[in-house]
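K.L.:
Below is the structure I would like to discuss, written out as structure tokens.
The values are calculated or read from the model by the stated rules, or taken from the named source; none is laboratory data. None of the values given here were measured: they were computed from a predicted structure. Every residue, glycine among them, receives a Cβ derived from its backbone with ideal geometry; neighbour counts consider all protein chains shown. Please note that ligands, DNA and RNA were not included when accessible areas were found on the heavy atoms of the full protein model with its side chains. Shrake-Rupley method; radii C 1.70, N 1.55, O 1.52, S 1.80 Å.
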Amino acid sequence: MNNMSTAKRTTSRTKSKSSVQTGIQPRLTSQFFAGRRKEFLRRMPANSVAIFVATPERTRSNDTEYAYRPSSDLLYLSNFPEPEAILMFVKGASGARGKSKFVMFVRPKDKMREIWTGVRAGVEGARERYGADEAYTEDQFEKVLRDVLDDAEQVLYRFDRNQHVDERFRKVWIGSANSQKTLGNPEEIVHEMRLFKTAEEIEIMRWAGAVSARAHMAAMQVTRPGMNEAQVQAVMEAIFRFNGASYPAYTSIVGGGDNATILHYIENEATLNSGDLLLIDAACEYQGYASDITRCFPVSGKFSPAQRALYEIVLEAEKAGIAMARPGVRLADIHETASNILRKGLVTLGLLPRTHLTAEGEKKALDAWKKAGSKGEQPLRLFDFYMHGTSHWIGLDVHDVGTYGTRSQTGKKRLLKPGMAFTIEPGLYVSQSETRVPAAYRGIGIRIEDDVVITADGAEVLTKDVVKEVADIERVMGSKQALAARTGIDELLLLR
Ligand code: GLY
Ligand code: MN
Ligand code: MN
């Protein structure tokens, strides 16, 4: 599906310009987070307490820490960036208005510590800037918890997010009258909320998608034979940061030739050869939201016939997946359609037998082979070339959360609705060691991945600003700008 038809099917867009058009980085406001908390409180059972605990900081080495990224649920409900925080929601008995409150436990102000690790919001900041009705230093957690538990019938607490706080919670919980009360999981409520993106979140994800797309376009422009995978990665990640993104949304995958057939290849340190196809699965996290893009292109700028043949099959599957994304469809339907197109393409190329045009046909052929005594090598299956799913939800986590997961039975049956965001990412992977196919097809890994969000009557592609047609890729790679970029990048960055 081309960009024009995407625009036509997208009706929920307002007339105002998107941030991508204005070049102004979008932000979520404190009122927006307040609205989410109100909705969370509305969904909580009457007379209950819900608690969310920040994940701990992680040491990188000696006294240096990894950059702290709060857990997505904490970000979702508070946007509070500091470690050691605890959020507590208290909801009164039904009908008891005014009894609900949002309580924060935060690190205390500490002049000396703040010199080393930055300014802390403290209890005042928690109230004034993060909307807490009440705020305490985090050492007060047990005391306040004891008080609120006395009044509540149900507690929503998820263990295993932070062992230290688990122990503190347990001490109050176990051995008191409270342990007779029901223990529930607050994540079930918040994950269901996170599944549906609002217009404000979509605007953030549009920016993330546009920045990642820009990085993929730059990768096509700078890549040339002899370059290292890491150098392409460096250019892309510089573009993320340059445009306000915090970091890659996941470890970038930049794999040339056979490396592209390793699904989660992250070494990214091999030299790129002229005959290689390069697979790049890299995208940024912006304001907490992930994007996720994969593109493949030839290091030389021109596809070989075998690379092109496989690429066109994957592209057809990906475009068909995007074209059918609309309310009422299931992710499983998209996966089936994409898989059948891959099957058809592989049969046409002679890499799969005609029996394999459908999953049922393939199963029958395999059963017949087993029945006949499983002689010789096991016949090839689609799984030998395509061994992952076509979609996953995307949002604050790149593989977004919840019991609605694409692998669970409920998730598989779930019908798409406006606001649901997910990837479409079919692929074909032929390892160098796959001797059952002609040599020309070996050492080629292809995945094409875009992010979409369901609209009232279709889907918007959030990552549309990066080309994927063969002719467009070859044009971009052979353009004057690409030639200039290849020289310019060395002049700017290379030590010599
Ligand atoms: N980047 C990981 C994935 O595509 O799922
Ligand atoms: Mn993905
Ligand atoms: Mn990806």
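K.L.:
Find all pairs meeting these conditions: Cβ atoms under 7 angstrom apart; at least six residues apart or on different chains; first residue within region 376-401 and under 15 Å from LEU195 (Cβ atoms); second residue away from ligand 1 (no atom under 13 Å from the Cβ) and aromatic (Phe, Trp, Tyr).
P.N.:
Note: pairs meeting the criteria are GLY395/TYR289; LEU396/TYR76; LEU396/TYR289.
K.L.:
Another question, if that's okay. For LEU346, indicate whether it is assigned to a helix (DSSP H, G or I) and either closer than 21 Å to HIS216 by Cβ or modelled with pLDDT under 95 (or both).
P.N.:
no
K.L.:
Checking ALA215 against (1) part of a helix (DSSP H, G or I); (2) surrounded by fewer than 19 Cβ atoms within 10 Å (Cβ to Cβ); (3) of a type in the set (Gly, Ala, Ser), which test does it fail?
P.N.:
For ALA215, the exception is condition (2).
K.L.:
Collect the residues in region 111-138 that are of a type in the set (Asp, Glu) and touching a residue at least 24 places away in the same chain (Cβ under 8 Å), keeping them in residue-number order.
P.N.:
Matches in region 111-138: ASP133, GLU134, GLU138.
K.L.:
Also, I was wondering about something else. Take ALA309 and decide whether it is within 16 Å of ligand 2 (Cβ to nearest atom), modelled with pLDDT of 95 or more and open to solvent by less than 40 Å² (accessible area, probe 1.4 Å). Give the derivation first.
P.N.:
On the way: within 16 Å of ligand 2 (Cβ to nearest atom): no; modelled with pLDDT of 95 or more: yes; open to solvent by less than 40 Å² (accessible area, probe 1.4 Å): yes.
When the stated conditions are applied, ALA309 does not pass them.
K.L.:
So, one more: Suppose the filter is more than 21 Å from TYR265 (Cβ to Cβ), among the small types (Gly, Ala, Ser), open to solvent by 10 Å² or more (accessible area, probe 1.4 Å) and more than 16 Å from ligand 3 (Cβ to nearest atom); does ALA459 pass it?
P.N.:
Considered against the rule, which asks whether it is more than 21 Å from TYR265 (Cβ to Cβ), among the small types (Gly, Ala, Ser), open to solvent by 10 Å² or more (accessible area, probe 1.4 Å) and more than 16 Å from ligand 3 (Cβ to nearest atom), ALA459 comes out as no.
K.L.:
If you don't mind, there's one more thing I want to ask. Filter region 39-63 down to residues that are more than 26 Å from the chain's Cα centre (by Cα) and exposed (fewer than 13 other Cβ atoms within 10 Å of the Cβ) and give me whichever is farthest from GLN163 (Cα to Cα).
P.N.:
Once the filter is applied, the top-ranked residue is ARG42.
K.L.:
Collect the residues in region 219-237 that are touching a helix residue (DSSP H, G or I) at 6+ places or on another chain (Cβ under 7 Å) and either at pLDDT below 95 or open to solvent by 10 Å² or more (accessible area, probe 1.4 Å) (or both), keeping them in residue-number order.
P.N.:
GLN221, ARG224, VAL235
K.L.:
In region 331-351, how many residues are in contact (Cβ under 8 Å) with a residue 12 or more places away in the chain, open to solvent by less than 50 Å² (accessible area, probe 1.4 Å) and under 18 Å from PRO305 (Cα atoms)?
P.N.:
Residues meeting the conditions: 4.
K.L.:
Sticking with this one: Working only within region 417-456, note down all residues that are surrounded by fewer than 23 Cβ atoms within 10 Å (Cβ to Cβ), under 15 Å from ARG206 (Cβ atoms) and not hydroxyl-bearing (Ser, Thr, Tyr).
P.N.:
Once the filter is applied, which keeps residues that are surrounded by fewer than 23 Cβ atoms within 10 Å (Cβ to Cβ), under 15 Å from ARG206 (Cβ atoms) and not hydroxyl-bearing (Ser, Thr, Tyr), region 417-456 yields only GLY419.
K.L.:
Follow-up question, since we're still on this one. Considering only helices (runs of 4 or more DSSP H) fully contained in region 104-177, which possess at least 2 residues that are more than 33 Å from the chain's Cα centre (by Cα), within 24 Å of GLY92 (Cα to Cα) and of a type outside the set (S, T, N, Q)?
P.N.:
Per the criteria, 141-151, 163-173.
K.L.:
Continuing with the same structure: Please state which of the following conditions TYR130 fails to meet, knowing it meets all the rest: (1) open to solvent by less than 40 Å² (accessible area, probe 1.4 Å); (2) touching a strand residue (DSSP E or B) at 6+ places or on another chain (Cβ under 8 Å); (3) under 30 Å from ALA290 (Cα atoms).
P.N.:
Of the numbered conditions (1) open to solvent by less than 40 Å² (accessible area, probe 1.4 Å); (2) touching a strand residue (DSSP E or B) at 6+ places or on another chain (Cβ under 8 Å); (3) under 30 Å from ALA290 (Cα atoms), the odd one out for TYR130 is (1).
K.L.:
Could you please let me know if GLU153 is in contact (Cβ under 8 Å) with a residue 60 or more places away in the chain, open to solvent by 50 Å² or more (accessible area, probe 1.4 Å) and not polar (S, T, N, Q)?
P.N.:
Yes.
K.L.:
So in region 369-380, with the set limited to residues that are open to solvent by 40 Å² or more (accessible area, probe 1.4 Å) and among the hydrophobic types (A, V, I, L, M, F, W, C), which one is nearest to ligand 1 (Cβ to nearest atom)?
P.N.:
The qualifying residue nearest to ligand 1 (Cβ to nearest atom) is TRP369.
K.L.:
Additional query: Among the numbered criteria (1) modelled with pLDDT under 95; (2) in contact with a helix residue (DSSP H, G or I) (Cβ under 6 Å, 6 or more places away or on another chain); (3) loosely packed, with under 15 Cβ neighbours inside 10 Å; (4) not polar (S, T, N, Q), which one does MET1 miss?
P.N.:
Answer for MET1: the failing condition is (3).
K.L.:
Considering each residue of region 253-295, count those that are within 14 Å of ligand 2 (Cβ to nearest atom), under 20 Å from GLY427 (Cα atoms), crowded, with 24+ Cβ neighbours inside 10 Å and not β-branched (Val, Ile, Thr), and give that number.
P.N.:
Counting residues in region 253-295 that are within 14 Å of ligand 2 (Cβ to nearest atom), under 20 Å from GLY427 (Cα atoms), crowded, with 24+ Cβ neighbours inside 10 Å and not β-branched (Val, Ile, Thr) gives 7.
K.L.:
Now for a different question. Filtering region 92-112 down to residues that are open to solvent by 40 Å² or more (accessible area, probe 1.4 Å) and modelled with pLDDT of 95 or more, which residue is farthest from SER48 (Cα to Cα)?
P.N.:
MET112
K.L.:
Do the conditions hold for GLY118, that is, is it open to solvent by 10 Å² or more (accessible area, probe 1.4 Å) and of a type in the set (Gly, Ala, Ser)? Break it down into steps so the answer makes sense when it comes.
P.N.:
Working: open to solvent by 10 Å² or more (accessible area, probe 1.4 Å): yes; of a type in the set (Gly, Ala, Ser): yes.
When the stated conditions are applied, GLY118 passes them.
K.L.:
Please go through region 27-36 and pick out each residue that is open to solvent by 20 Å² or more (accessible area, probe 1.4 Å) and within 23 Å of the chain's Cα centre (by Cα).
P.N.:
Once the filter is applied, which keeps residues that are open to solvent by 20 Å² or more (accessible area, probe 1.4 Å) and within 23 Å of the chain's Cα centre (by Cα), region 27-36 yields ARG27, LEU28, THR29, PHE32.
K.L.:
Say whether the condition of being within 16 Å of ligand 3 (Cβ to nearest atom), part of a loop (DSSP other than H, G, I, E, B) and in contact with a Gly (Cβ under 7 Å, 6 or more places away or on another chain) is met by at least one residue in region 290-308.
P.N.:
Keep residues of region 290-308 that are within 16 Å of ligand 3 (Cβ to nearest atom), which gives 290-297.
Of the ones still in play, those that are also part of a loop (DSSP other than H, G, I, E, B) are 291-293.
Restricting the remaining residues to those that are in contact with a Gly (Cβ under 7 Å, 6 or more places away or on another chain) gives 291.
Yes, there is a match, as at least one residue in region 290-308 is within 16 Å of ligand 3 (Cβ to nearest atom), part of a loop (DSSP other than H, G, I, E, B) and in contact with a Gly (Cβ under 7 Å, 6 or more places away or on another chain).
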